[in-house]
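The values are calculated or read from the model by the stated rules, or taken from the named source; none is laboratory data. These figures come from a predicted structure and were not determined experimentally. Positions of Cβ are generated from backbone atoms using ideal geometry, with glycine treated the same way; all protein chains shown enter the neighbour counts.
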């Protein structure tokens, strides 16, 4: 069963790292179809290549499935982030049917216009102290390792997935303030660009909310912890999907709808 959307946005998959939940990502890509697929930055983590190559066959399979979608008619737009910034010199070209861009304007089915960008250019830490950003990334990866072992224990005890790092993000005041400042700066940029909203990634915090100036803020989240995506339906409504939690229900609903249509025809 395939879930059909007008547009889909995913970001921060960090392929090439052990933290990437590539199996869940492959499952998502396999079960969705859309007119336009936006890859909103940090899809391939080239930062980690500096400390040694980690690239299992599963990661190659994910990339190949995305390329196959492009070959089959899906418009695939790769918006570059800071972990894959080496590709920025290739912005504006097509590679295996995939458009490489720094940012894009998306017009939804309801006519609303959204600025699509990774968001690292508006992150004060990334812009002002790249060394600190890199160290922060390393610390975050160690936290993910702890999180992995923690959830293995929870699974053996019969409990579901729970993100320790996401919990800490919500509790640490400095992180909360950083997200708030990030959103404020993006709202100003959206106002300057005369768009209705902004779609981004970067901070690994999936969210849909209304900001100042009437700007709609939509963050894709990531595929390291939350396994989230933004999806647009045929009417232009954009929703947030938590794949690990929502996939079974969404696929069951799609199956029921398909069966109803078959019954009506009979």
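The condition of being modelled with pLDDT of 95 or more, at positive phi and buried (at least 20 other Cβ atoms within 10 Å of the Cβ) holds for residue 221. Filtering the stretch 56-77 to residues that are in contact with a helix residue (DSSP H, G or I) (Cβ under 8 Å, 6 or more places away or on another chain), crowded, with 16+ Cβ neighbours inside 10 Å and closer than 19 Å to residue 5 by Cβ leaves 62, 66, 69, 76.
Checking 256, 226, 234, 247 one by one, the residue that is without any contact (Cβ under 8 Å) to a residue 24 or more places away in the chain and either over 30 Å from residue 26 (Cβ atoms) or not in a strand (DSSP E or B) (or both) is 256 and no other. Kindly indicate whether any position in the stretch 100-107 is on the phi < 0 side of the Ramachandran plot and not in a strand (DSSP E or B). Taking every residue of the stretch 100-107 in turn, at least one turns out to be on the phi < 0 side of the Ramachandran plot and not in a strand (DSSP E or B). If you go through the stretch 18-48 and keep only what is part of a helix (DSSP H, G or I) and over 23 Å from residue 6 (Cα atoms), you end up with 22, 23, 48. A single member of 167, 150 is touching a helix residue (DSSP H, G or I) at 6+ places or on another chain (Cβ under 6 Å), at pLDDT below 95 and over 22 Å from residue 54 (Cα atoms), and it is 150. Whether any residue in the stretch 26-48 is farther than 29 Å from residue 237 by Cα, in contact with a helix residue (DSSP H, G or I) (Cβ under 7 Å, 6 or more places away or on another chain) and touching a residue at least 12 places away in the same chain (Cβ under 8 Å) is what I want to check. Yes, because at least one residue in the stretch 26-48 is farther than 29 Å from residue 237 by Cα, in contact with a helix residue (DSSP H, G or I) (Cβ under 7 Å, 6 or more places away or on another chain) and touching a residue at least 12 places away in the same chain (Cβ under 8 Å).
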